[in-house]
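The values are calculated or read from the model by the stated rules, or taken from the named source; none is laboratory data. Keep in mind the model is a prediction, meaning the values are calculated, not measured. Cβ sites come from the backbone with ideal geometry, for glycine too, and all protein chains shown count toward neighbours. Keep in mind that these areas ignore ligands, DNA and RNA; they rest on the heavy atoms of the full protein, side chains included. Shrake-Rupley method; radii C 1.70, N 1.55, O 1.52, S 1.80 Å.
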Amino acid sequence: MTERLILVAVIAALTYATRYAGFALGRVGGQTMPPALERFLNYVPIAAFAALVAPGVADGPGALPSRVIAIGVAAVVALRLNRLWAALIAGMAGFWIADFLIS
Amino acid sequence: MVSDGAVLTPRMGREFGIHPGQERPWRSELRRGYAAMFPLWLGVAPFAVTYGVLAQQAGFGAIETQLSSMLIYAGAAQMAMISLFDDDAAFIAIILTTFVLNLRHILYGLSLSRELGMGGVRPRRPILAAVLTDESYGIAVADGQKGDPARRADAFLFGASISLYTPFALSTLTGIALGGVLPDAEKLGLELVFPLSFAVLLLPLLRTWRKVAVALVAATLVLAAGQIFDGGVALLIATIGGAGLGAMLDSRAAGS
């Protein structure tokens with residue numbers, strides 16, 4: 001076993017631990033979840049998604065305006081058609097067109 | 001969601017005899033979750049191909065690279081791993097960094113537990129949790145928001161979580177096969193698919209000004225923290241900071 005494989009195995013195990021921990025804790029807490037934690041968890045998706053979007057817009061492929069346009073187009077299409085794939089294709093198309101025009 | 005603190009999930013409802021037989025079959029929910037991720041296969045493929053190439057350039061062998069994708073199944077952590085390895089970082093540093101990067105999964109698990117309930121899930125939690133990803137979390141949350149009483153949270157989540165495994169593993173293999181050649185065209189902005197996806201998942205959640213504020217604060221935090229800390233830590237700071245702010249604003253408003 002190379003040392004790299006051991007590294008991979010350790011990381012895999014720890015990754016699994018973080019994945020399982022939330023489910024295990026959530027089940028133990030269950031119905032008696034403290035209201036503060038409840039309120040906190042309500043906002044986790046919003047905060048996490050925003051934190052996942054921001055770096056991709058601030059720094060990413062192409063020009064910043066192109067990336068912003070991509071999001072704008074994706075958002076509009078998502079609102080109208082309510083389909084993720086359509087929004088993604090439209091967003092990417094918007095990005096490529098905008099980037100082509102800008103550069 | 002009932003506002004007095006109790007959460008009546010469809011699962012609990014079934015356990016208590018409410019909504020008998022209203023849920024769709026497990027298998028069809030599994031497939032629905034699996035299919036819901038198809039648009040994201042588009043983003044995963046170039047990412048994993050790139051990873052396959054870069055991992056080898058960093059010194060990982062073909063089998064090690066492929067195994068890393070199949071065992072870890074966490075793109076961000078894997079990229080961090082090979083990047084730090086390439087920089088000759090100490091193994092303990094690599095392990096700690098990837099661990100912190102993965103801590104957000106705990107929040108996802110807690111968050112998802114609310115709709116999964118206390119009872120049994122299928123597959124059992126140790127298996128269901130194993131394949132959790134940012135994207136499957138996002139898609140599952142979005143689907144849960146629809147308030148469809150016939151949905152099965154566990155089946156849908158599992159389907160969504162395993163969906164990316166195939167393109168991820170195959171694309172890694174493709175990257176390995178490509179060897180040292182990184183086709184630039186492949187990367188042509190396709191990585192934008194991820195922030196685009198999360199933007200599309202985020203927008204419907206922003207139903208109040210408070211939620212908009214939380215999103216903006218989280219975005220600011222991740223960019224600011226990203227200047228000092230590495231990506232995983234910044235993400236964690238932004239998620240905890242943003243959600244914490246939201247919780248604080250809620251408790252102030254409730255007067256408690």
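Here are the numbers for the structure shown:
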{"read-out": "The range B:100-230, dipole about Cα centre (Lys/Arg Cβ +1, Asp/Glu Cβ -1), debye to the nearest 20", "value": "640"}
{"read-out": "In Å², nearest 10: area of A:W96 left accessible to a 1.4 Å probe", "value": "110"}
{"read-out": "Helix axis angle, B:153-163 relative to chain B longest principal axis, alpha carbon, degrees", "value": "10"}
{"read-out": "Cut-off 20 Å, label 7 Å out along Cα→Cβ of A:A63, residues of the range A:72-103 by amide N", "value": "A:72-74, A:91-103"}
{"read-out": "Label-point separation in nm, B:R27 to A:L37, each point 7 Å along Cα→Cβ", "value": "3.7"}
{"read-out": "Per-residue mean of C-beta atoms belonging to partner chains within 10 Å, peptide A:55-61", "value": "6"}
{"read-out": "Exposure ranking of B:L202, B:L221 by accessible area [1.4 Å probe, largest first]", "value": "B:L221, B:L202"}
{"read-out": "Chain B - accessible surface per residue (Å², probe 1.4 Å)", "value": "43"}
{"read-out": "Cα-based helix-to-principal-axis angle, B:209-228 vs chain B, degrees rounded to 10", "value": "20"}
{"read-out": "C-alpha long axis of helix B:91-102 to longest principal axis of chain B, angle in °", "value": "30"}
{"read-out": "Dipole moment magnitude, nearest 20 debye, the protein assembly as shown about Cα centre, only Lys, Arg, Asp, Glu C-beta charged", "value": "1360"}
{"read-out": "About the Cα centre, charge dipole magnitude for chain A (Lys/Arg +1, Asp/Glu -1 at Cβ), debye", "value": "280"}
{"read-out": "Accessible surface of the protein assembly as shown, 1.4 Å probe, proportion on carbon and sulfur as whole %", "value": "68"}
{"read-out": "Most mobile of A:G26, A:G91, A:G72 in a GNM of chain A (Cα contacts under 10 Å)", "value": "A:G26"}
{"read-out": "Environment charge at B:N102 (Cβ cut-off 14 Å; Lys +1, Arg +1, Asp -1, Glu -1)", "value": "0"}
{"read-out": "Heavy atoms of B:S161: accessible area, 1.4 Å probe, square angstrom to 10", "value": "0"}
{"read-out": "Gaussian network model of chain B, springs between alpha carbon atoms under 10 Å - residue of B:L203, B:L84, B:L40 with greatest fluctuation", "value": "B:L203"}
{"read-out": "Exercise: per-residue mean of other protein chain Cβ atoms within 10 Å, B:152-161", "value": "0"}
{"read-out": "Helix-derived mean residue ellipticity, 222 nm - over chain B, DSSP H n ≥ 4, -39500 (n - 2.57), to 500", "value": "-23000 deg cm²/dmol"}
{"read-out": "Per-pair calculated FRET efficiency, R0 = 25 Å: A:T2 and B:L96 via Cβ, rounded to 0.05", "value": "0.75"}
{"read-out": "Taking the convex hull of Cα positions in the protein assembly as shown, its mean projected area over all directions (nm²)", "value": "18.0"}
{"read-out": "Cβ neighbours within 10 Å from other chains - mean over B:138-144", "value": "2"}
